[in-house]
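Data block below; observations after.
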Amino acid sequence: MTQIISLIGYPLKHSVSPHFQQAALDHYSLDVHYEARETEAETLASVVNELRQPQYLGANVTIPYKEAVLPLLDETDDLAGLVSAVNTIVNREGRLIGFNTDTYGFIRALREDAEFEPKNMRAIVLGAGGAARAVSFALLREGIRSLVIVNRTLSRAEKLVCSLREYVLARGSSVDVVALPRDGSKLGNVIKDCHLIVNCTVLGMKHSACERESPLPAHLIHKDVLVYDLVYNPLWTPLLSVAKEVGAKAINGLPMLVYQGAASFELWTGREAPIDIMLSAAKQALPAGGD
Ligand code: NAP
């Protein structure tokens, strides 16, 4: 029986996970099909429930469901529970276990590909959805000095800040964590002092309504900040163009995509992920865009 791993999200046109996950599965000649399953909100519960059937190894979860799937699962590991966002589901004999491999993928790319050490740095996270949750908790775990969450919907940023502050208190540390609106006047001053800006919104993502938009204008960014765009399709995003304009160092979401996918692959198959094969399949599936 051919086994299945699903990618659950909406929309999915931008995603290259089916390309590089299938390449990794084929590398080991596994009889497993990785399928993109574009899912409307009304059918999310039934699509997740289907994963309990024996032919399913599990799933990846992407926009906009990383938080919404939590109550549909039987269990989450400690990290996914802390972050309250799941990007990987494993089917263990009919029980659905949730994991978060975005945290690992984000930090690995930050250290290895951007050569940035987050300890004692000041960071700004743009967005407050599932990816922003993973990135924010990952930065706190790595000893960031201060963290500002900026989101279109301020109440969502404030909710995330509450959870982050609880975590900071529980660890007995003293990190400054605040929420700011996107269009507020304070944002410029905060950016002047920061070392890292991470875009966790969908702004700039291909096939979205806002594919040509940068989450920040050039005049707000300075050359001494690292600009990290989680968007990977296109590889050259509007935000990266803005970073280049001011001479700031920048990284796109491709290395993170492959590292988080590699960790998911290992959870489903128990095999070592063939990172080079995954990276090259992802690159082949992506339009370069811009530069
Ligand atoms: P999500 O949970 O749906 O969150 C979407 C975020 O984008 C929210 O903060 C939302 O703000 C914001 N947003 C949506 N439309 C907007 C608009 N028109 N103007 C301003 N803000 C807008 O999605 P997610 O799972 O966090 O994913 C976010 C992005 O990260 C996606 O582009 C995804 O592909 C990327 N990502 C990349 C990787 C990687 O490995 N490279 C991993 C995970 C995610 P509101 O709260 O106001 O709606």
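Pick from the range 275-284 the residues that are more than 14 Å from the ligand (Cβ to nearest atom) and within 18 Å of HIS33 (Cβ to Cβ): which of them is nearest to the chain's Cα centre (by Cα)?
Applying the filter and picking the extreme gives ALA281.
Condition first: within 16 Å of the ligand (Cβ to nearest atom) and at positive phi. Now tell me which residues in the range 194-251 satisfy that.
GLY204, HIS207
If you go through the range 98-119 one residue at a time, do you hit one that is of a type outside the set (D, E, K, R), modelled with pLDDT of 95 or more, more than 15 Å from the ligand (Cβ to nearest atom) and not assigned by TED's automatic domain parsing to the domain that holds GLY261?
Yes, there is a match, as at least one residue in the range 98-119 is of a type outside the set (D, E, K, R), modelled with pLDDT of 95 or more, more than 15 Å from the ligand (Cβ to nearest atom) and not assigned by TED's automatic domain parsing to the domain that holds GLY261.
Restricting to the range 254-274, count the residues that are of a type outside the set (Phe, Trp, Tyr), farther than 13 Å from LEU57 by Cα and within 16 Å of the ligand (Cβ to nearest atom).
Keep residues of the range 254-274 that are of a type outside the set (Phe, Trp, Tyr), which gives 254-258, 260-264, 266-267, 269-274.
From what's left, farther than 13 Å from LEU57 by Cα: 254-258, 260-263, 271-274.
Filter again for within 16 Å of the ligand (Cβ to nearest atom), leaving 254-258, 260-263, 273.
So the answer is 10.
Out of the strands (runs of 3 or more DSSP E) lying entirely within the range 192-254, which hold 3 or more residues that are of a type outside the set (Gly, Ala, Ser)?
It comes to 196-199, 226-229.
A quick yes/no check of all residues on (1) of a type in the set (Val, Ile, Thr); (2) touching a strand residue (DSSP E or B) at 6+ places or on another chain (Cβ under 8 Å); (3) touching a residue at least 24 places away in the same chain (Cβ under 8 Å); (4) buried (at least 22 other Cβ atoms within 10 Å of the Cβ):
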| residue | (1), (2), (3), (4) |
| --- | --- |
| ALA157 | no, yes, yes, yes |
| LEU169 | no, no, no, no |
| VAL175 | yes, yes, yes, no |
| VAL178 | yes, yes, yes, no |
| LEU187 | no, yes, yes, no |
| LYS206 | no, no, yes, no |
| CYS210 | no, no, no, no |
| LEU220 | no, no, yes, no |
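Which condition does VAL202 not pass, out of (1) open to solvent by 20 Å² or more (accessible area, probe 1.4 Å); (2) of a type in the set (Val, Ile, Thr); (3) farther than 19 Å from GLY253 by Cα, if it passes all the others?
(3)
Of these, GLY129, GLY94, GLY81, which one is within 16 Å of the ligand (Cβ to nearest atom) and either at pLDDT below 95 or surrounded by fewer than 21 Cβ atoms within 10 Å (Cβ to Cβ) (or both)?
Every option except GLY129 fails the conditions.
Would you say ALA114 is small (Gly, Ala, Ser), touching a Gly at 6+ places or on another chain (Cβ under 7 Å) and over 17 Å from THR43 (Cα atoms)?
no
Are any of the residues in the range 190-201 more than 23 Å from ARG122 (Cα to Cα) and touching a residue at least 60 places away in the same chain (Cβ under 8 Å)?
No, the conditions are met nowhere in the range 190-201.
Tally up the residues in the range 1-43 that are open to solvent by 60 Å² or more (accessible area, probe 1.4 Å), part of a loop (DSSP other than H, G, I, E, B), within 24 Å of ILE275 (Cα to Cα) and of a type outside the set (Ser, Thr, Tyr), please.
2
The values are calculated or read from the model by the stated rules, or taken from the named source; none is laboratory data. As the structure is a prediction and not an experimental result, all values here were calculated from the model. With ideal geometry, Cβ positions are generated from the backbone for all residues, glycine too; neighbour counts draw on all protein chains shown. Note: accessible area is taken over every heavy atom of the protein model, side chains too, but ligands, DNA and RNA are not part of it. Shrake-Rupley method; radii C 1.70, N 1.55, O 1.52, S 1.80 Å.
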